[in-house]
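First the structure, in the form of structure tokens, and then the observations on it.
The values are calculated or read from the model by the stated rules, or taken from the named source; none is laboratory data. Here the structure is a predicted model, which is why all the values come from computation and not from measurement. Counting neighbours? That spans all protein chains shown, and the Cβs are built from the backbone with ideal geometry, glycine included.
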């Protein structure tokens with residue numbers, strides 16, 4: 001929680017714009033608590049760069065009643081970009097665990113956060129649509145997802 005709260009208090013502008021608009025009362029400590037409290041057990045991490053926490057990321061339960069429906073999230077300080085290669089390698093290494101334990105993994109990202117969208121697509125996320133007026137100030141968000149392969153007879157055509 002300490003790392004996530006520090007990162008939230010020193011968050012880069014594009015992450016702040018994306019996350020703060022979802023909160024009624026923005027609170028960096030509360031974001032740290034939420035990151036841990038909603039996390040899939042063992043699926044939350046921080047990355048340090050130059051002796052300070054620089055990035056937080058993980059998987060949270062997207063549904064209280066479906067343990068195989070996860071939401072991925074990440075935020076960081078201005079040093080976040082330097083952490084992306086390490087985070088990408090880690091997420092790639094975790095792929096077998098995620099594919100085994102998660103039926104649906106989704107990311108919700110502010111429509112203007114194009115850097116995040118490129119990274120999500122690079123990691124294999126498929127854009128599913130726009131969530132209109134998702135932010136408290138009317139901001140639109142994009143929905144990306146990875147879905148476990150479906151049996152042929154259940155596939156959407």
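It is to be established whether one or more residues within region 30-38 are under 13 Å from the mean Cα position of the chain (by Cα), surrounded by 17 or more Cβ atoms within 10 Å (Cβ to Cβ), modelled with pLDDT under 95 and part of a strand (DSSP E or B).
No, region 30-38 has no match at all.
Out of everything in region 50-93 that is part of a helix (DSSP H, G or I) and in contact (Cβ under 8 Å) with a residue 40 or more places away in the chain, what residue ends up being surrounded by the most Cβ atoms within 10 Å (Cβ to Cβ)? Steps first, please.
Our first condition is that a residue be part of a helix (DSSP H, G or I); within region 50-93, this holds for 80-93.
With in contact (Cβ under 8 Å) with a residue 40 or more places away in the chain added as a condition, the list becomes 80, 87, 90.
On the way: 80: 23, 87: 19, 90: 13.
Of everything passing the filter in region 50-93, 80 is surrounded by the most Cβ atoms within 10 Å (Cβ to Cβ).
Among the residues in region 117-127, are any modelled with pLDDT of 95 or more and part of a strand (DSSP E or B)?
Yes, the conditions are met somewhere in region 117-127.
For residues in region 137-149 being touching a helix residue (DSSP H, G or I) at 6+ places or on another chain (Cβ under 9 Å) and assigned to a loop (DSSP other than H, G, I, E, B), which is modelled with the lowest pLDDT? If you could, list the steps in order and put the result at the bottom.
Let us first name the residues in region 137-149 that are touching a helix residue (DSSP H, G or I) at 6+ places or on another chain (Cβ under 9 Å), namely 139, 141-142, 144, 146, 148-149.
Now restrict to residues that are assigned to a loop (DSSP other than H, G, I, E, B): 139, 148-149.
Working: 139: 97, 148: 90, 149: 76.
Per the stated criteria, the residue is 149.
Just checking, does region 98-105 include any residue being under 14 Å from residue 148 (Cα atoms) and exposed (fewer than 12 other Cβ atoms within 10 Å of the Cβ)? Full working, then the answer.
Keep residues of region 98-105 that are under 14 Å from residue 148 (Cα atoms), which gives 98-105.
Adding the requirement that they be exposed (fewer than 12 other Cβ atoms within 10 Å of the Cβ) leaves 100.
Yes, region 98-105 contains a residue that is under 14 Å from residue 148 (Cα atoms) and exposed (fewer than 12 other Cβ atoms within 10 Å of the Cβ).
Does residue 95 fit the bill of being under 22 Å from residue 66 (Cα atoms) and under 16 Å from the mean Cα position of the chain (by Cα)?
In short, yes.
Name the one entry in 105, 86, 94 that is within 21 Å of residue 46 (Cβ to Cβ), touching a helix residue (DSSP H, G or I) at 6+ places or on another chain (Cβ under 9 Å) and modelled with pLDDT of 95 or more. Quick ask: steps written out before the conclusion?
Details: 86 fails: touching a helix residue (DSSP H, G or I) at 6+ places or on another chain (Cβ under 9 Å); 94 fails: touching a helix residue (DSSP H, G or I) at 6+ places or on another chain (Cβ under 9 Å).
Result of the check over 105, 86, 94: 105.
Under the condition of being in a helix (DSSP H, G or I) and in contact (Cβ under 8 Å) with a residue 60 or more places away in the chain, which residue from region 102-116 is nearest to residue 39 (Cα to Cα)? It would help to see each step written out before you state the result.
Residues of region 102-116 that are in a helix (DSSP H, G or I), as a first pass: 114-116.
Then keep just the ones that are in contact (Cβ under 8 Å) with a residue 60 or more places away in the chain; that gives 115-116.
On the way: 115: 24, 116: 20 Å.
Step by step, filter region 102-116, then rank; the result is 116.
Go over the candidates 62, 20, 54 one by one and state the one that is in contact with a strand residue (DSSP E or B) (Cβ under 6 Å, 6 or more places away or on another chain) and under 18 Å from residue 77 (Cα atoms).
Numbers: 62 fails: under 18 Å from residue 77 (Cα atoms); 20 fails: in contact with a strand residue (DSSP E or B) (Cβ under 6 Å, 6 or more places away or on another chain).
Exactly one of 62, 20, 54 is in contact with a strand residue (DSSP E or B) (Cβ under 6 Å, 6 or more places away or on another chain) and under 18 Å from residue 77 (Cα atoms), namely 54.
Of the residues in region 2-26, how many are part of a loop (DSSP other than H, G, I, E, B) and surrounded by 15 or more Cβ atoms within 10 Å (Cβ to Cβ)? Before you say what the answer is, go through the steps one by one.
Quick first cut of region 2-26, residues part of a loop (DSSP other than H, G, I, E, B) only: 10-12, 21-26.
If we keep only those that are surrounded by 15 or more Cβ atoms within 10 Å (Cβ to Cβ) as well, we get 10-12, 21-22.
Matching residues across region 2-26 total 5.
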